[in-house]
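Some notes on the structure that comes next.
The values are calculated or read from the model by the stated rules, or taken from the named source; none is laboratory data. Just so you know, these numbers come straight off a predicted model, no measurement behind them. Using ideal geometry, Cβ is built from the backbone for each residue, glycine included, and neighbour counts are taken over all protein chains shown. Calculation scope for accessible area: heavy atoms of the full protein, side chains included, ligands and nucleic acids excluded. Shrake-Rupley method; radii C 1.70, N 1.55, O 1.52, S 1.80 Å.
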Amino acid sequence: MLKRLVILCLATILSFQSFAATMNSRVRQVPKDIQEQVFVSPKETLPELVKFLAGTSGDTASRVKILHDWICDNIAYDCDVFTEKGAGQQDYETVLKKKKAVCIGYANLMAAMCFYAKIEVDIISGWSKGFNYPGYLREQSDHAWNAVKINGKWNLIDVTWDAGYVERTTFIKHYTLQWYNLTPSQFIYSHLPDEDKWQLLPEKQVRSHKQFEKEPYIPGIFFEYGLSFGKNAPGYTNEISEATAFDFVSPNSNVNLMPEIYGINNSLDMSNAMWIENSGTNRRFIFDVPDKDLYKVRIGARTNGVTSNPDFFSRTDFEQNIMPKTKALLAEKKITKNEAELFEKSYFLIEENNRYYFAEDLFDNARNSANKKILKLLERNTSRYENVLSFEVKSSESYSGFGKTTARFPQMYRGYASATNIKLESPLKGVLKKGAEEHFSIKTSAYSKIVIVLGEGDFVFVPKDPKTGAFELDYKVPENVSELNFYASKDGKQFATIFSYKVE
């Protein structure tokens, strides 16, 4: 009746989303006897549960989603897969009895629930670029997901990745619809099925194993932000022989993108190994590498003005700052005792990495309200960057890198990175020589004034050329400074640092 597979699945999601993902409230309205009994006698009770949740008639898309939501709300990823104990059997009955599963268990349960809801479904096995992906396809496939037919058309769904993510060896519940709404042409950047037909792509777009390996890992949130690639798109591993640019398009000017590059095999400070050029909807990110090591790049995105709670607090921060200040709020009667208790119970410690994580419960309104209120009073709400793309960069055989002891680009500050239109045309290097003549050129419509600040009350205005529209200045680097700081202003009154050069 149901297709059952045994797959060692290590592909749990490692990216987050802030987009509003609303879980169907009916998942918490299941009659108590059915909700409890389905974990004791799954075979006998599952048909009753499915009938209550989805029935056998009505809008198929809504019925599929509520089944997806119930699984996300009730089944945790089985982290025993990382131990000698192992995850064990993954048939849907065992999954329900344990309330835990790896990917094939999630897929089996989704298939069983769709079967009882009379929804056409299949289980897809294949490879993924999630957790523990080595940069190439293993000999055997390592992941499983579902194909569900909605209104006569097959749709791909990964319930495992929508349920949450794994931090070290602990499952963190984090509901998303990131892997529920993707088109086949989007899904293929992270999931490659064993059988080509389940790519659900036109024949000319079907990916080979080699093509899949070459493409970068693109999580669903990349498409939720409306992002796409520009002229120069990255591959999964990119060999470079000089500073190399990759182009992206962000149609929403309210979305900021920020790249991060870091060493996989070393702890070098790589903050000066990347640069940004923003021009309207176009975003250009330039990278270089200092040596022959392999480097990882992550592109983060966030929407201006949208605040979201931190995913975690360090143990030191939570125990020595957050909780003492929460108790101070209670003493000042800015919060109630119940709110303080709800807030403290909202977080749990993972000792492996000494972090406190938020224990998600989308339907606990009292706790969620208390958490939101206290974080706001503590000024801990943040507009955080979310990982929307990952790829690797390394030097080619003929390139040794720009060197470990120098800065490839200037030090970039938020005022530069977040500007909608800005481009440092010259000099695009990190270190200036004392006494050297330099031509500075910054093209931007985001600022009305730019100055070089040498010290308190000592500054030099960079004039705007009416012909080119760029701020340009021929300038001799002073002998008595160790850095050259550039500030910019929108109104001519308040200035913020946009970038700085080292001076040697």
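The table below gives the values:
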{"read-out": "The lone exception for TYR106 - which of (1) open to solvent by less than 10 Å² (accessible area, probe 1.4 Å); (2) in a strand (DSSP E or B) it fails", "value": "(2)"}
{"read-out": "Lone qualifier among CYS103, CYS114 - being modelled with pLDDT of 95 or more and either within 19 Å of VAL27 (Cα to Cα) or of a type outside the set (A, V, I, L, M, F, W, C) (or both)", "value": "CYS114"}
{"read-out": "Per-region count, the range 417-439, residues in contact (Cβ under 8 Å) with a residue 40 or more places away in the chain, outside any loop (DSSP other than H, G, I, E, B) and closer than 19 Å to ASN272 by Cβ", "value": "7"}
{"read-out": "Flag for ARG207 being within 28 Å of GLN90 (Cα to Cα) and either touching a Pro at 6+ places or on another chain (Cβ under 6 Å) or not aliphatic (A, V, I, L, M) (or both)", "value": "no"}
{"read-out": "Those residues of the range 186-204 which are out of contact with any helix residue (DSSP H, G or I) (no Cβ under 7 Å at 6 or more places or on another chain) and surrounded by fewer than 18 Cβ atoms within 10 Å (Cβ to Cβ), in sequence order", "value": "ASP194, GLU195, ASP196, LYS197, PRO202, GLU203, LYS204"}
{"read-out": "Residue satisfying all of: in the range 272-324; closer than 29 Å to ASN354 by Cβ, in contact with a Ser or Thr (Cβ under 8 Å, 6 or more places away or on another chain) and of a type in the set (Ser, Thr, Tyr); surrounded by the most Cβ atoms within 10 Å (Cβ to Cβ) among these", "value": "SER308"}
{"read-out": "Subset of the range 196-214 [without any contact (Cβ under 8 Å) to a residue 24 or more places away in the chain and not in a helix (DSSP H, G or I)]", "value": "LEU201, PRO202, VAL206, ARG207, SER208"}
{"read-out": "Subset of the range 433-452 (residues that are open to solvent by less than 50 Å² (accessible area, probe 1.4 Å) and under 36 Å from the mean Cα position of the chain (by Cα))", "value": "PHE440, SER441, ILE442, THR444, ALA446, TYR447, ILE450, VAL451, ILE452"}
{"read-out": "Scan of the range 122-152 for residues that are among the hydrophobic types (A, V, I, L, M, F, W, C) and in contact with a Leu (Cβ under 9 Å, 6 or more places away or on another chain), ordered by number", "value": "ILE123, ILE124, TRP127, PHE131, LEU137, ALA144, TRP145, ALA147, VAL148"}
{"read-out": "Index of the failed condition, MET258 passing every other in (1) among the aliphatic types (A, V, I, L, M); (2) over 29 Å from GLY469 (Cα atoms); (3) open to solvent by 20 Å² or more (accessible area, probe 1.4 Å); (4) at pLDDT below 95", "value": "(2)"}
{"read-out": "Residue in the range 151-169 that is nearest to ASP80 (Cα to Cα), counting only those that are open to solvent by less than 20 Å² (accessible area, probe 1.4 Å) and assigned to a strand (DSSP E or B)", "value": "VAL166"}
{"read-out": "Members of the range 370-410 that are of a type in the set (S, T, N, Q), surrounded by fewer than 17 Cβ atoms within 10 Å (Cβ to Cβ) and touching a residue at least 24 places away in the same chain (Cβ under 8 Å)", "value": "ASN381, THR382, SER383, SER396, SER398, SER400, THR406"}
{"read-out": "Close pairs from the range 451-473: first more than 17 Å from GLU437 (Cβ to Cβ) and of a type in the set (Ser, Thr, Tyr), partner open to solvent by 70 Å² or more (accessible area, probe 1.4 Å) and modelled with pLDDT of 90 or more, Cβ under 8 Å, at least 6 apart", "value": "THR468/LYS443"}
{"read-out": "Residues (touching a Ser or Thr at 6+ places or on another chain (Cβ under 9 Å) and among the aliphatic types (A, V, I, L, M)) located in the range 376-395", "value": "LEU377, LEU378, VAL388, VAL393"}
{"read-out": "Residue check for GLU215: open to solvent by 50 Å² or more (accessible area, probe 1.4 Å) and acidic (Asp, Glu)", "value": "no"}
